[in-house]
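Below is one structure, written out as structure tokens; the observations come after it.
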Amino acid sequence: MKLYYKRYKGDSVLFKVWLSVCIILFLSACGGKNTPPDSQQQTETKDTTATASNKKTIVFFGDSLTAGYGLDDPSNAFPGVIQRKIDSLKLPYAVINAGVSGETTAGGLARIDWVLKQKVDVFVLELGANDGLRGIPVTETTKNLQSIIDKVKARYPDAKIVLTGMQVPPSMGSNYITSFKNMFPALAEKNKIALVPFLLAGVGGNPKLNQADGIHPTAEGAKIVANNVWKVLNENL
């Protein structure tokens, strides 16, 4: 935590975001019934807990792509777009955005127990991209993702799980690229869970749909990402 403090202290906006995340996660760890674990910014919804409205809960557990890094309004990240889609269809689901920018699968595994304090009916697992960019061995990433899936199944046996596939840039080398890409369908098949083949399909590599960093989608790009997820998620609601 001290490392993150030093990293964000010089930037007042990021420091406030970091501080908000710490407070929310702390309250969650203490068992706050109406305060689900949160992301860099929580997707704004009319109801963020199923308990409050008898809605079922969809938890999006991921990194900056889920959190909406760089967007003026984090609710424009793909989980927020999906919440609006759900509301328009009058479906009884509330979205919880549990995305944290910079998250690796190891980091996700470390905080999954906190997130699971919130009841989960559908769990969307969007992690692995930061592992790939760091060149973390695929065997390690696979192990972490499997452990997260195991924890969700153990805590909520009836929950539906959706895994989102990711790819890494060519600079990572052909062997790593292939192993990383194949990891996601292999995990989905092994665990009999749904798979979004490639989260950033139609967005990745398109400058018009990505922010200046070339990695994170713009608001328009996030709509396409949401559609990629919705095609699979819709079948599990």
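Results, tabulated for the structure shown:
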{"quantity": "Relative contact order of the range 106-182, pairs being alpha-carbon contacts under 8 Å that are 6 or more residues apart, as %", "calculated": "40"}
{"quantity": "Spherically averaged projected area of the range 36-236 from its Cα convex hull (nm²)", "calculated": "10.2"}
{"quantity": "Relative contact order %, the range 158-214, counting alpha carbon pairs below 8 Å whose residues are six or more apart", "calculated": "39"}
{"quantity": "Under 5 Å, built H, 5+ apart or other chain: amide partners of Glu103", "calculated": "Ser64"}
{"quantity": "Convex hull of Cα atoms in the range 179-225, direction-averaged projection (nm²)", "calculated": "3.8"}
{"quantity": "Greater than 25 Å apart at Cα, pairs in Lys119/Lys181; Lys119/Lys223; Lys143/Lys208; Lys151/Lys181", "calculated": "Lys119/Lys181; Lys119/Lys223; Lys143/Lys208"}
{"quantity": "Lys, Arg +1 and Asp, Glu -1 on Cβ, resulting dipole of the range 36-236 about Cα centre, debye, nearest 20", "calculated": "540"}
{"quantity": "Label point distance in nm, Leu91-Asn175, each placed 7 Å from Cα along Cα→Cβ", "calculated": "4.2"}
{"quantity": "Mean Cα-pair separation over length for the range 44-186, i.e. relative contact order, pairs under 8 Å, 6 or more apart, %", "calculated": "24"}
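Where a number appears in this text, it was derived from the coordinates with a stated rule and is not lab data. No experiment lies behind these values; they were computed from the predicted model shown. All Cβ positions, even for glycine, are placed from backbone atoms using ideal geometry, and neighbour counts span all protein chains on display.
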